[in-house]
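Scroll down for the structure; my scribbles are underneath it.
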Amino acid sequence: MSLAFKFPTINPNDVLQSIVETAIDGILLIDTSGNVLMVNSAVTTLFGYSPEELLGKNVTILMPSPHRQNHDGYIHNYLSTGIKKIIGIGREIEGLRKDGTLFPARLAVSEIIIGEEHYFTGIIQDLTEMKAVQQEIIKLNHELEEMVTERTIELQEAVNLLLETNQQLNQSIEKHKSYELALLATRDELHKSLEKEKELNLLKSRFVSMASHEFKTPLSSILSSAALISKYVTTEQVADRSRHVDRIKSSVNHLNNILMDFLSITRLEEGQFVPVISRFSLLSMLSELKAEAESLLKKDQQLICEHDFDDLEMKSDKNILRNILYNLVSNAVKYSEEGKKITCRITLDDEFFRIMISDQGMGIPLEDQKHIGSRFFRASNVVNVPGTGLGLNIVLSYLHTLKGTLSFESEPGKGTTFTITLPLSYEN
Ligand code: ADP
């Protein structure tokens, strides 16, 4: 490719000279021996030499060791081998100023062949400022890296501190939770013992009111009968005497029954009660019960037993089952008026049988129903009927032992039905 010009009035040589002369980069021309044949003013400015000091001198005065010693060899090698190491490529070098100082530069070398002669052009670009900027950038980078490292360490420390604080917080939350749980447990305990105390107080007051009724009547009856007996001294009064003896006997029996109930409760409570399991006929047990209960009936009361199956053998504690039923039937009798009917209905339900004892008596007030079965509890409508409030409590414990249940339905003024459910065969 050739140089193109279009300056009709100007001599191209003048143009070229001006370009070379005013170029910012240093431009110099050497021959194959390294002698400087041309320099532009940028070269003189860069290296601090006057043109005269450079022209005709070997270009090596502008370069430090080892290039200064090797430069002739470079040219010679190229001319003999043709292998280009710098020509047409360019590289970074160090320039040596007249005052002995060095400066970084970029050197681009090109070859000119005129006729038989080879010449080399060097274009030198001063990199001092660029290097300074580069150094500054490297320094800044370095500082930045240090700052980042420092900040990272600080951040890491802060994160560690946060983690530690978090852990401590979690620990104290856990601790608080366990305190809270302990507190709740203590509160529960307190609550329970308070409830227990309340229950005991309630039991105590129910017991006192029961005892004052149930002990006072038979005791005063014993007392008055005993006093009267001592007055009936004649033979004719033997009938009166024995009437009072019977009264005393029945009062003592009554007191004895109450004491037996107390004893049963204590035994049940202490877990001393062990059922005596045997096989027996359900219907014959019921007829025994009926016979026993007949004596309890008030005037014109009737006890009717109903069942829709033939007899069957069951396996349980016969005495206890009879006691349970006796208790329920005697309550039905006790809390019903004369002439009323009491029904005992038995049904079978797979492995279980159900006995319902219904009466047409006074019923249980709605507000009292939830307390029925609690020890010494007696409904508000039975104040004039003797009783201890222990029977159903014992029934419940017995049923629990025989793996049975008790429920009831009652309508005040109309009647009550107690239902027990028991397995036909008791299995321990
Ligand atoms: P007691 O009959 O000796 O008072 P129980 O424990 O047998 O004791 O009964 C507790 C309470 O349940 C009775 O006082 C009574 O208020 C109520 N009760 C039990 N059975 C009947 C019933 N068949 N009809 C009405 N009330 C009943």
Where a ≥ b ≥ c are the square roots of the eigenvalues of the C-alpha gyration tensor, would you call the range 275-366 rounded, which needs a/c under 1.5, or, failing that, prolate if a/b is larger than b/c, or oblate? prolate
How compact is the range 1-133 by the rule of thumb for globular proteins, expressed as Cα Rg over 2.2 N^0.38 Å? 1.10
Cα-based reach from Lys98 at 19 Å (exclusive), listing lysines while leaving out same-chain residues under 8 positions away: Lys57
Measuring from the lowest to the highest alpha carbon on each principal axis, how far does the chain reach, largest first, in angstroms? 183, 50, 45
Rounded to whole Hz and in sequence order, give me ³J(HN,Hα) for the range 201-208 from the Karplus expression 6.51 cos²θ - 1.76 cosθ + 1.60, θ = phi - 60°, writing x for Gly and Pro. 4, 4, 4, 4, 5, 5, 4, 4
In Hz, Karplus ³J(HN,Hα) per residue of the range 5-16 (6.51, -1.76, 1.60; θ = phi - 60°; x = Gly, Pro): 10, 9, 10, x, 9, 10, 6, x, 4, 4, 4, 4
Can you check what the net charge comes to around Ile372, using other residues whose Cβ is under 15 Å from the Cβ of Ile372 (Lys, Arg +1; Asp, Glu -1)? 0
Over the residues of the range 71-126, compute the C-alpha Rg and express it relative to 2.2 N^0.38 Å. 1.26
Segments 45-53, 265-273, 201-209 sorted - mean Cβ within 10 Å per residue, highest first: 45-53, 201-209, 265-273
So, relative contact order of the range 278-423 in percent, Cα under 8 Å, 6 or more apart, is 23 percent
Relative contact order for the chain using alpha-carbon pairs under 8 Å, separation at least 6, rounded to a whole percent? 9 percent
Grab the other residues whose beta carbon is less than 11 angstrom from that of Val59, score K and R as +1, D and E as -1, and report the net. 0
CD proxy, 222 nm, the chain: helix-only mean residue ellipticity via -39,500 (n - 2.57) per DSSP H run with n ≥ 4, per residue, nearest 500, stands at -17000 deg cm²/dmol
Using a Förster distance of 30 Å, how high is the FRET efficiency between Ile304 and His371, based on the Cβ-Cβ distance and rounded to 0.05? 0.50
Could you grab the relative contact order for the range 130-269? Cα pairs under 8 Å, six or more apart, rounded to a whole percent. 16 percent
Which of the residue pairs Lys204/Lys403; Lys290/Lys341; Lys334/Lys403 have a Cα-Cα distance greater than 18 Å in the structure shown? Lys204/Lys403; Lys334/Lys403
Show the residues, 5+ positions off or on another chain, whose built amide H is closer than 5 Å to the amide H of Ile27. Asn40, Ala42, Val43, Ile124
How far, in degrees from 0 to 90, does helix 216-229 lean away from the longest principal axis of the Cα atoms of the chain, to the nearest 10? 20 degrees
Any lysines whose Cα falls less than 16 Å from that of Lys139, other than same-chain ones fewer than 8 residues away, would be Lys131
Under 5 Å, built H, 5+ apart or other chain: amide partners of Phe352: Leu424
Using the Karplus curve 6.51 cos²θ - 1.76 cosθ + 1.60 with θ = phi - 60°, work out ³J(HN,Hα) for each residue of the range 39-54 in order, rounded to whole Hz, and write x for Gly and Pro. 9, 9, 5, 4, 5, 5, 5, 5, 9, x, 9, 7, x, 5, 5, 9
Please list the non-local residues whose amide H lies under 5 Å from the amide H of Gly90, H modeled 1.01 Å from N, same-chain partners needing a gap of 5 or more. Val109
Of the candidates Met147, Met285, Met314, which one comes out as most mobile in a Gaussian network treatment of the chain with C-alpha springs shorter than 10 Å? Met147
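The numbers here are math on the coordinates, done by the rules we state, and not lab data. Quick caveat, the model's predicted, so the values are computed rather than measured. Quick reminder, even Gly has a Cβ in these numbers, built from the backbone with ideal geometry, and neighbours come from all protein chains shown.
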